[in-house]
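Just so you know, all these numbers are worked out from the coordinates, no wet-lab data involved. Nothing here was measured: the structure is a model prediction, and the numbers come from that model. We place every Cβ from the backbone using ideal geometry, glycine too, and count neighbours over all the protein chains shown.
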Amino acid sequence: MMRLHLISTGSIHPLDEIKTFQSLQPYTDQLHLREPDLSAAELLDLIEALLGHGYSPDQLTVHDRVDVAHVAGIGVQLTRRSLRVRDVRRHFPDLVIGKSVHSLAEALAAEAEGADRLLYGHIYPTASKPDVPPRGIDALKQVVTFTTKPVIAIGGITPECMPEIAATGATGIAVLSGILGQSDPLAAIRRYQGVRV
């Protein structure tokens, strides 16, 4: 069964929405905290609140902040603006490291440097990147085929897309606005769960 990665939008304050995140926990394999406007201390407070509301450390990933991930005992997701995977791996050998990639070359490099999983996209057109062409299913299949790490697809993914993504061998999907951007996030995440393959 494909794994569901939920990514916070950065446009809400998760501490204000803790009840929403609590309701989504049973349906969420991985919650990514992508909150660049929060300080390190605020992120740690948020993580501790989530841990107190049903999430386990294995369910949580913080974007970019290696320091917070290390202190909280959760995973980190690295992007183009983050520290290099190899440097994080050298200093934090036990840290779970995800890497956001946008090409097969980037995926292979991240794997070689020690990334534990790859977030690849965007697969379909998305409002967050209107001027960037989507990578598409064929490119996703290529990344899955030529890497050995779990590949999570991201970008414009609706519940109806999930069978097509599953057919590539991708490990899971990552969703932002398709869940947290909806008026009823719980109903939205249940729609994704209803077609998990």
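Overview of results
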{"quantity": "Under 27 Å from the Cα of residue 99 - lysines, other chains or at least 8 residues apart", "calculated": "129, 141, 149"}
{"quantity": "Square roots of 5 times each gyration tensor eigenvalue, C-alpha, the stretch 8-77, largest first, Å", "calculated": "16, 14, 11"}
{"quantity": "Computed E for residue 91/residue 56 - FRET, C-beta separation, R0 25 angstrom, nearest 0.05", "calculated": "0.55"}
{"quantity": "Order of 89, 190 under a 10 Å beta carbon neighbour criterion, fewest first", "calculated": "190, 89"}
{"quantity": "DSSP beta bridge pairing in the stretch 3-194, given as percent antiparallel to the nearest 5", "calculated": "0 percent"}
{"quantity": "Point-to-point label distance, residue 83-residue 183, nm (Cα→Cβ direction, 7 Å offset)", "calculated": "4.4 nm"}
{"quantity": "Quarter of Cα convex hull surface for the stretch 3-194, i.e. mean projection, nm²", "calculated": "10.1 nm²"}
{"quantity": "Segments 158-166, 55-63 sorted - mean Cβ within 10 Å per residue, highest first", "calculated": "55-63, 158-166"}
{"quantity": "Scaled radius of gyration (Cα, divided by 2.2 N^0.38 Å) that the stretch 96-165 gives", "calculated": "1.07"}
{"quantity": "Likely footprinting exposure, 183, 11, 177, fewest C-beta neighbours within 10 Å first", "calculated": "183, 11, 177"}
{"quantity": "Per-residue HN-Hα couplings for the stretch 162-175 [Karplus 6.51, -1.76, 1.60; θ = phi - 60°; Hz; x = Gly/Pro]", "calculated": "4, x, 5, 5, 4, 5, 7, x, 4, 6, x, 10, 10, 10"}
{"quantity": "Karplus-derived 3J(HN,Hα), 6.51/-1.76/1.60, for each residue of the stretch 123-135, Hz, glycine and proline x", "calculated": "7, 10, x, 9, 5, 6, 9, x, 9, 10, x, x, 6"}
